[in-house]
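Chemist: Here you go, one structure.
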Amino acid sequence: MALAMVIATIAGTACLTSSPGGPADPGISGSTPPANSGPGGKVQVITSFRPFTLLVEPIGGDHITITQILPPGADPHEYEPSPKDAVALKNGRIFFYGGPSLEPWAADLAASSNPDIKLVTFADAVPGPVYDQMKSQYKDFPDLTRDPHLWLSPRLAKYYAAFVTRQLSETDPGNATDYQDNAAVFEKRLEQLDSDYTAGFSDCTTRTFLSSHSFLDYIAATYNLTQIPIAGTSPDAQPSVKQMAAVIEKAKAHNVRGILVEPDEAEDLSKAISAELNLPVYSFTTMEVLPPGPLTVGDTDYVAIMENNLQEMRKAMLCR
């Protein structure tokens with residue numbers, strides 16, 4: 001219902017702004033910028049939420065202007081778009097989002113706001129043959145329907161970089177060489193990040209950790225770790241007493257030494273098990289929710305955030 005109201009609002013706004021001498025678009029202050037163009041003639045890129053902003057920005061560089069749909073504190077799974085979001089999409093040239101499992105509202109809103117905008121789903125970033133190879137190579141490599149957090153695996157992030165480069169180059173071929181050069185620099189950082197994760201887990205007291213829910217499947221699979229999720233796939237799931245008891249027994253059997261949780265996630269279940277097993281809780285930033293307040297350089301750099309996550313994982317598994 002909320003999405004239908006937004007679509008109706010933007011449709012009405014479009015009728016007003018297309019009429020000669022009609023009132024200015026109420027969603028934009030001042031004059032309306034040219035469609036598909038940001039300040040200074042830059043490519044107007046729309047992203048749904050933070051991980052994709054952090055992956056697009058270093059490749060787009062000075063040639064793009066990014067507008068992120070989700071505001072600070074908003075969760076992409078539960079977000080209800082506003083007329084302001086529809087206006088942003090109306091003026092965009094390319095829209096990066098995760099896919100229907102993450103943002104069920106995104107495609108319909110974009111199509112109704114701007115039929116000409118290029119829709120790019122990060123669910124398509126990892127080529128099918130590569131995904132199939134990884135499923136055969138790594139034990140417990142998840143299906144996309146089980147865990148959409150592919151961006152949390154440094155080993156998969158390089159495919160995101162190549163994907164973004166291709167999409168921006170096709171959209172703005174005049175600056176394709178710069179996009180490719182930016183991507184080459186970023187990909188070297190991603191390769192080093194992958195090496196850091198491999199080395200960081202080379203000497204740990206245990207290779208098993210508890211997580212608040214199943215959001216670290218890709219990291220666990222690609223680095224030969226074992227994740228024991230407390231609440232399964234959904235952070236909102238409430239395990240039964242029997243399921244909780246099974247998690248506790250499995251954690252004891254695998255010598256678990258720590259619990260990883262998302263910073264803004266409800267931690268009641270994690271804290272209950274933490275108290276039961278006398279285990280510390282460590283924060284892992286999935287980048288899904290934009291933190292409130294001023295952002296530091298470390299808050300806006302994908303590699304820096306993932307390096308910090310590595311250190312938290314090392315603490316949880318007592319790595320030397």
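Chemist: Rank-order 306-312, 200-206 by packing density, defined as the average count of other C-beta atoms within 10 Å over each peptide's residues, highest first.
Modeler: Answer by packing, highest mean first, reads 306-312, 200-206.
Chemist: What size of dipole, in debye to the nearest 20, comes out for region 108-169 about its Cα centre when the only charges are +1 on Lys and Arg C-beta atoms and -1 on Asp and Glu C-beta atoms?
Modeler: Using Cβ point charges on Lys, Arg, Asp and Glu, region 108-169 gives about 300 debye.
Chemist: Taking the alpha-carbon centroid of each part, what is the distance from region 100-130 to region 250-320 in angstrom?
Modeler: Answer, in whole Å: 29.
Chemist: Per residue, how much accessible area does region 101-158 have with a 1.4 Å probe, in Å²?
Modeler: Accessible area per residue, region 101-158: 46 Å².
Chemist: Relative contact order for region 265-320: what percent, with Cα pairs under 8 Å and sequence separation of 6 or more? Could the numbers behind the result be given before it?
Modeler: Numbers: 23 pairs, mean separation 20.3, N = 56.
Dividing the mean separation by the residue count of region 265-320 yields 36 percent.
Chemist: Dipole size in debye (nearest 20) for region 63-136 around its Cα centre, Lys and Arg Cβ +1, Asp and Glu Cβ -1?
Modeler: Using Cβ point charges on Lys, Arg, Asp and Glu, region 63-136 gives about 280 debye.
Chemist: Turning to a different aspect of this structure: One-quarter of the Cα convex hull surface for region 155-275, in nm²?
Modeler: 9.3 nm²
The values are calculated or read from the model by the stated rules, or taken from the named source; none is laboratory data. What you see is a predicted model, and the numbers here were worked out from it, not measured in a lab. Cβ: placed from backbone, ideal geometry, glycine included. Neighbour counts: every protein chain shown. Keep in mind that these areas ignore ligands, DNA and RNA; they rest on the heavy atoms of the full protein, side chains included. Shrake-Rupley method; radii C 1.70, N 1.55, O 1.52, S 1.80 Å.
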